[in-house]
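Note sheet for the following structure.
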Amino acid sequence: MSDLAAKATALLTMHDGFVVLPTAWDAWSARTLVDAGFGAISIGSHPLAESRGQEDSEGMSLDDAMEGIARITAAVDVPVSADVESGYGAEPAELIDRLLAAGAVGLNVEDTVHGEGRMREAQEHADYVAGLRAAADAAGVDVVINARTDAFARPELHGGDPLEEAILRMELAEQAGARSLYPVKPPTREALTAILTQVSLPVNVTAHPVQGSVVGGLDEIRAIGARRVTFGPLLQMALTDTITELVRPWR
């Protein structure tokens, strides 16, 4: 557990500045990213599910996800943050216990409960984050909880103004003990800026490794004040295009 605690502290310290956590989905992609010079990586549920021949949006079980996460953490000796969707139905204490057993020291947790076709209420999601924080603290590992909201991506599930809902959910998650915040798919630079002005924690932006993000490339993301970047499924998708180009002449 001391090794996990040290990795968690190292991952959290990276958030003091600006950190890019490129997204892996298997042992090969994880090793490739670390060999490219990254000191920590993330695991995306979408690319992980794709690599297993399963569906995202809770097409994997908790056992499936943790088995995939464990294979990746065993392949590299850097801090790893894993996307666990909405928790796969696990209580916070069980989820933290399983995450640490799999060797990850950060997690991304969202408010859309795909298996139930609903979005957690704002306070309900904050309470889940608080439960994760309490369980991590009890384990003696400062797990980096990246609290995600789909307020922009799934407005039909909450029925409110997407920006107002995103701000509320991010503020509550911050108060609940998250270490970073992840408002998925902000539609404009202005929407992302509005969130950045209301919270103090690092905010995660999804970027395509070539096409960038809603606010532009790496320099623009840094300039706007966001402090964390992940690729989600976009790196895997970009490689799919590249592989297609490489093999097409051999058809």
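The values are calculated or read from the model by the stated rules, or taken from the named source; none is laboratory data. Computed from a prediction, not measured in an experiment: that's the story for all the values here. Glycine also receives a Cβ, built like all others from the backbone with ideal geometry; neighbour counts cover every protein chain displayed. Ligands, DNA and RNA are excluded from the accessible area calculation, which covers all protein heavy atoms including side chains. Shrake-Rupley method; radii C 1.70, N 1.55, O 1.52, S 1.80 Å.
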Quiz item: Residue-wise, which Karplus ³J(HN,Hα) couplings in Hz belong to region 47-55, taking 6.51 cos²θ - 1.76 cosθ + 1.60, θ = phi - 60°, and x for glycine or proline?
Solution: x, 4, 4, 4, 5, 9, x, 10, 9
Practice problem: Pop out the ³J(HN,Hα) list for region 12-17 in order, Karplus 6.51 cos²θ - 1.76 cosθ + 1.60 with θ = phi - 60°, rounded to Hz; leave Gly and Pro as x. | Solution: 5, 4, 4, 6, 5, x
Quiz item: Taking amide H positions as placed 1.01 Å from N in the peptide plane, with prolines and chain starts having none, which residues 5 or more places from N204, or on another chain, fall under 5 Å of its amide H?
Solution: L181, Y182
Quiz prompt | Dipole magnitude (debye, nearest 20) for the chain, charges at Cβ of Lys, Arg, Asp, Glu | solution = 760 debye
Exercise. Order V199, V210, V247, most accessible first, counting only protein heavy atoms with a 1.4 angstrom probe.
Key: V210, V247, V199
Quiz item: Non-local amide H neighbours of L107 (under 5 Å, H modeled in plane, Pro and chain starts lacking H): which ones?
Solution: A82, V144, I145, N146
Exercise. Determine ³J(HN,Hα), in whole Hz, for all residues of region 75-88 in sequence, where each value follows from phi through the Karplus function 6.51 cos²θ - 1.76 cosθ + 1.60 and θ = phi - 60°; x replaces Gly and Pro.
Key: 8, 9, 10, 10, x, 10, 10, 10, 7, 10, 6, 9, x, 6
Self-check item: Extension gain, A194 back to L239 (0.36 nm per residue minus Cα-Cα distance, nm)
Solution: 12.9 nm
Exercise. For region 102-223, divide the Cα radius of gyration by the Kirkwood radius and give the resulting Rg/Rh value with two decimals.
Key: 0.97
Self-check item: Pair F18, E94: separation of 7 Å Cα→Cβ label points (nm)
Solution: 4.2 nm
Quiz item: Taking a label point 7 Å from the Cα of S57 along the Cα→Cβ vector, which residues of region 105-124 have an amide N closer than 18 Å to it?
Solution: 110-120
Self-check item: Rounded to the nearest 10 Å², the accessible area of L95 at probe 1.4 Å
Solution: 0 Å²
Quiz item: Assuming R0 = 25 Å, what is the FRET efficiency of A101 and A36, from their Cβ-Cβ distance, to the nearest 0.05?
Solution: 0.35
Exercise. Based on the mean of other Cβ atoms within 10 Å per residue, sort peptides 224-232, 8-16 so the most packed one is first.
Key: 224-232, 8-16
Quiz prompt | Charge context of T149, other residues only, Cβ under 9 angstrom, K/R +1, D/E -1 | solution = -2
Quiz item: Build a GNM of the chain with springs between Cα atoms under 10 Å: which of M60, M237, M119 gets the top mean-square fluctuation?
Solution: M237
Self-check item: Around T32: net Lys/Arg minus Asp/Glu count, Cβ-Cβ under 15 Å
Solution: -1
Quiz prompt | Per-pair calculated FRET efficiency, R0 = 45 Å: A138 and V247 via Cβ, rounded to 0.05 | solution = 0.35
Quiz prompt | FRET efficiency estimate (nearest 0.05) - Cβ-Cβ, K185 to L218, R0 30 angstrom | solution = 0.95
Exercise. Express in whole angstrom the spacing between the alpha-carbon centres of region 146-170 and region 14-77.
Key: 25 Å
Quiz prompt | Cut-off under 5 Å, modelled amide H: who pairs with R118 long-range | solution = V113
